[in-house]
């Protein structure tokens, strides 16, 4: 049998607890320091504005993009390469406050359209304006319509196959990041006849880029998101507080659990500020999940303490707490390990969008387990010392 | 739980497995993917209901003026103040009270107040909110029609309930052209025909619209006549720079988009894209009259307060014609005719929030999310098998069932799987084994104390139960608030997390126990447990 700890009997609640509590205090100070001094790297959800993610066919020259966008006079522009260099992807962000004078006072939902228009080369703008099909932006329906519009007998394939061909082409494009890199790639696909290739070369263009995503949050929506987020945090904190209070009767237990919660959530949030990872709505969801996870872990330890207090009435409070922690230690380590493994997999393989959320969870899980022992339980022992058994024992 | 027969419990498990498998199979069809995974456009729009209120007041303005005129009470000045009040000023002395009484009886939708010898009319609150409400409902209908004609499969177009009732949520899966769609559903497409009022001393043929409003006004000696307004037209200069020119046109519009019967994309005589239109029979007669009386004049075609073109009336036109010269592309001509066929929006629209995901990004997200979840689950399962040996198989079974229930429940309630939702599933996998770990560690403790396998299993489940319920309930509290106040993708996270927690309670407490009990019933005198 494999066991993390065989009959664990660490003396955690004696002098060594002060060291851990000092560490916790320090970690919280650093976290609050990072949040106030450095601040969060707010995503569009909270900062407002427009973010457009674009993938280019060829390596984008950021300086040229910037020049093109500045000429469009959209306000404060931030251009950032994202992903691997060979992905040719950029994220363009326009801040809300920098809205162009023409759109001042408006919400600013048109900025993404203006960004796309500004990025197109004049040459492509003209050919597409004249009715050419952009193969890197056209939807399946549009493509199918275009293919079917060929005069009968000129495609070298039955017209009925064109809808299926459009589907295959779009599927291929989606699997390759949303772009056809050259006509040769299209010509090599099954079902594409030389006639179709010729027709594409005449009447279609390979656009320089494809749109990966647009996020826009105007001031009105931003205010509402913030408001709702506040309500979610307030509501769940209150709900958990009431639950702990009802569950443990003694206010001291509730307060100890609550301090552990504040500890975990603030350290996880502090880690977000410190690393400059994007703070967006999913991160708030992660913080609330940490809230739930942390209280769950604390309850496991507290339940054991309460059970043991009834069993060993003649033992020292410290001893009972220490024994309870040791008894639940294997479980605490195992569970935080499995959750940690799951969120680490998300962090490593889940892609850019899930990265901030999973990072926040990783930090939260580790501290959530740690705090049940070294914050919540340690605080119980300390309170017992200063307030006496009457206030603490359940 | 012993009171429940083992067979009954096994039966319950089989039924649950069957129902969930039935509901969720095949997942690619039964599980509804969110726009962030499938690709598509998500827009929260606001109907500018102020526009509708203003239009209502504008409309009443002429009628009130003529009603008062009949009684010889016409005020010298009538104007709209801050978009929501109608100010009547300059009554003959002592006539204001009389005018007020007439308005009160004939136009009961207005509240009338005396201000400095004049009258100030505001829509009464009930009427105003009815106007706003009907504007939103009408906008909803129009957007539905437009999206329908554009041909989007499974669109979601609904009014958002909330503090302000002027929001419309538009979700269009699989649509890849956000610019086009935003214009298509967001522009009012209010079409008007207005005669151009050329200044005195200039013939219609020679009139060249100036590049500023002031210049237009200066052309009229004694200022702009009351029934004339100035509207802009976008043009490009020869070297391709955009400029605006301004036309003096009649305030009233003899014809509007409401008079259209049909509209299609067409070609003008040079082969450039244009839009043709067909008027209703009644409007056709009016148009005929109008063109007969105003031969040689310019007739401005105005779309959303911008002049598209102002052709010269050369012949009597009956019920059909063409809109050309608006720098149309094939696409924009197609879209304009679609909008004209669907009717105008009653008010301007404004985008408050947009989340568009290209299908390629959605496909990447699904791939990455699935890979990450599978890797995470495999490591967790492998670990449980190594650590708890045969009992790990039990835990793995519970975990698999948990995921099956999660998918089945999502299919049943038609909830949507989003990218954060995938994260919620991965997290559920990590947390689901927690209950099993709690129970197994307890059983191990009991075994160490020298209890028999049977007693140890019973005690393990019994003692771990309250802790498991506590822990899951607290996480559920956070999850419920996330669901209640979270928007879009975050709500998806809350859905998978909450269903996962509930499924977890069932699998860990009920299913794992039944598996142990079944094994015990097969071998009641087991002396060793692989745990």
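The values are calculated or read from the model by the stated rules, or taken from the named source; none is laboratory data. Keep in mind the model is a prediction, meaning the values are calculated, not measured. Positions of Cβ are generated from backbone atoms using ideal geometry, with glycine treated the same way; all protein chains shown enter the neighbour counts.
Before we move on, is residue A:69 surrounded by 15 or more Cβ atoms within 10 Å (Cβ to Cβ) and touching a helix residue (DSSP H, G or I) at 6+ places or on another chain (Cβ under 6 Å)?
Yes; evaluated as a whole, the condition is true for this residue.
Any idea which of A:177, A:109 is surrounded by 19 or more Cβ atoms within 10 Å (Cβ to Cβ), modelled with pLDDT under 85 and under 19 Å from residue A:58 (Cα atoms)?
Testing whether each residue is surrounded by 19 or more Cβ atoms within 10 Å (Cβ to Cβ), modelled with pLDDT under 85 and under 19 Å from residue A:58 (Cα atoms) leaves just A:177.
Can you tell which of B:336, B:352, B:298 is under 30 Å from residue A:96 (Cβ atoms), surrounded by 18 or more Cβ atoms within 10 Å (Cβ to Cβ) and touching a strand residue (DSSP E or B) at 6+ places or on another chain (Cβ under 8 Å)?
Within the list B:336, B:352, B:298, the selection yields B:352.
Across region B:221-261, what is the number of residues that are buried (at least 17 other Cβ atoms within 10 Å of the Cβ) and under 20 Å from residue A:72 (Cα atoms)?
Residues meeting the conditions: 0.
Just checking, does region B:485-495 include any residue being more than 7 Å from chain A (Cβ to nearest Cβ) and surrounded by fewer than 23 Cβ atoms within 10 Å (Cβ to Cβ)?
Yes, region B:485-495 contains at least one residue that is more than 7 Å from chain A (Cβ to nearest Cβ) and surrounded by fewer than 23 Cβ atoms within 10 Å (Cβ to Cβ).
So which of A:321, A:343, A:333 is over 28 Å from residue A:48 (Cβ atoms), within 12 Å of chain B (Cβ to nearest Cβ) and buried (at least 24 other Cβ atoms within 10 Å of the Cβ)?
Checking each option against the conditions leaves just A:343.
So residue A:315 clears everything in (1) away from chain B (no Cβ under 14 Å); (2) in contact with a strand residue (DSSP E or B) (Cβ under 6 Å, 6 or more places away or on another chain) except one condition, right? Which one?
(2)
For residue A:300, indicate whether it is at pLDDT below 90, assigned by TED's automatic domain parsing to the domain that holds residue A:34 and part of a helix (DSSP H, G or I).
yes
Are any residues in region A:203-239 closer than 21 Å to residue A:121 by Cβ and at the interface with chain B (Cβ under 7 Å from one of its Cβ atoms), and if so, which ones?
A:210, A:211, A:212, A:214
From the list A:1, A:21, A:35, which one is out of contact with any helix residue (DSSP H, G or I) (no Cβ under 6 Å at 6 or more places or on another chain), over 19 Å from residue A:210 (Cα atoms) and either within 14 Å of another protein chain (Cβ to nearest Cβ) or not in a loop (DSSP other than H, G, I, E, B) (or both)?
A:1
What helices (runs of 4 or more DSSP H), lying completely within region B:1-42, carry at least 3 residues that are more than 29 Å from residue B:154 (Cα to Cα)?
Answer list for region B:1-42: B:6-24.
Here is a check on your reading of the model: is residue A:267 more than 14 Å from chain B (Cβ to nearest Cβ), touching a residue at least 24 places away in the same chain (Cβ under 8 Å), buried (at least 22 other Cβ atoms within 10 Å of the Cβ) and closer than 22 Å to residue A:36 by Cβ?
Yes: the conditions hold for residue A:267.
To keep it simple, each residue is scored yes or no on (1) within 28 Å of the chain's Cα centre (by Cα); (2) under 18 Å from residue A:374 (Cα atoms).
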position	(1), (2)
A:294	yes, yes
A:297	yes, yes
A:302	no, yes
A:310	no, no
A:314	no, no
A:317	no, yes
A:323	no, yes
A:327	no, yes
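Within region B:346-384, which residues are more than 7 Å from chain A (Cβ to nearest Cβ) and over 25 Å from residue A:345 (Cα atoms)?
Of everything in region B:346-384, those that are more than 7 Å from chain A (Cβ to nearest Cβ) and over 25 Å from residue A:345 (Cα atoms) turn out to be B:346, B:347, B:348, B:349.
Just wondering, is there one or more residues in region B:514-528 that are modelled with pLDDT under 90, outside any helix (DSSP H, G or I) and under 30 Å from residue A:284 (Cβ atoms)?
No, every residue in region B:514-528 fails to be modelled with pLDDT under 90, outside any helix (DSSP H, G or I) and under 30 Å from residue A:284 (Cβ atoms).
Collect the residues in region A:15-53 that are exposed (fewer than 12 other Cβ atoms within 10 Å of the Cβ) and in contact (Cβ under 8 Å) with a residue 12 or more places away in the chain, keeping them in residue-number order.
A:39
Would you confirm, using the coordinates I've provided, whether residue B:465 is under 54 Å from the mean Cα position of the chain (by Cα) and facing chain A (nearest Cβ under 9 Å)?
No, not satisfied.
If you check residue B:105 against the conditions, is it over 16 Å from residue B:62 (Cβ atoms) and modelled with pLDDT of 85 or more?
Considered against the rule, which asks whether it is over 16 Å from residue B:62 (Cβ atoms) and modelled with pLDDT of 85 or more, residue B:105 comes out as yes.
Select the strands (runs of 3 or more DSSP E) contained entirely in region B:234-325, then report the ones holding at least 2 residues which are in contact with a helix residue (DSSP H, G or I) (Cβ under 7 Å, 6 or more places away or on another chain).
The qualifying strands (runs of 3 or more DSSP E) are B:242-250, B:260-267, B:273-279.
Tell me which residues, restricted to region A:240-250, are more than 9 Å from chain B (Cβ to nearest Cβ) and in contact (Cβ under 8 Å) with a residue 12 or more places away in the chain.
Hits for region A:240-250 are A:241, A:248, A:249, A:250.
Please state which of the following conditions residue B:22 fails to meet, knowing it meets all the rest: (1) closer than 29 Å to residue B:359 by Cα; (2) crowded, with 16+ Cβ neighbours inside 10 Å.
(2)
Residues A:282, A:356: which one is assigned by TED's automatic domain parsing to the domain that holds residue A:237, within 28 Å of residue A:269 (Cα to Cα) and in contact with a strand residue (DSSP E or B) (Cβ under 9 Å, 6 or more places away or on another chain)?
A:356
For residue B:400, state whether it is farther than 28 Å from residue B:361 by Cβ, buried (at least 20 other Cβ atoms within 10 Å of the Cβ) and more than 9 Å from every other protein chain (Cβ to nearest Cβ).
Criteria not met by residue B:400.
Could you tell me whether residue A:368 is buried (at least 22 other Cβ atoms within 10 Å of the Cβ) and within 12 Å of the chain's Cα centre (by Cα)?
Considered against the rule, which asks whether it is buried (at least 22 other Cβ atoms within 10 Å of the Cβ) and within 12 Å of the chain's Cα centre (by Cα), residue A:368 comes out as no.
If I filter region B:413-433 down to residues being free of Cβ contacts under 8 Å to residues at least 60 places away in the same chain and either within 12 Å of chain A (Cβ to nearest Cβ) or part of a helix (DSSP H, G or I) (or both), which single residue comes out as surrounded by the most Cβ atoms within 10 Å (Cβ to Cβ)?
Residue satisfying both the conditions and the ranking: B:426.
Can you pull out every residue in region B:220-233 that is in a strand (DSSP E or B) and under 18 Å from residue B:80 (Cα atoms)?
B:228, B:229, B:230
Which of the residues that make up region A:274-297 are part of a helix (DSSP H, G or I) and surrounded by fewer than 22 Cβ atoms within 10 Å (Cβ to Cβ)?
Those that are part of a helix (DSSP H, G or I) and surrounded by fewer than 22 Cβ atoms within 10 Å (Cβ to Cβ): A:274, A:275.
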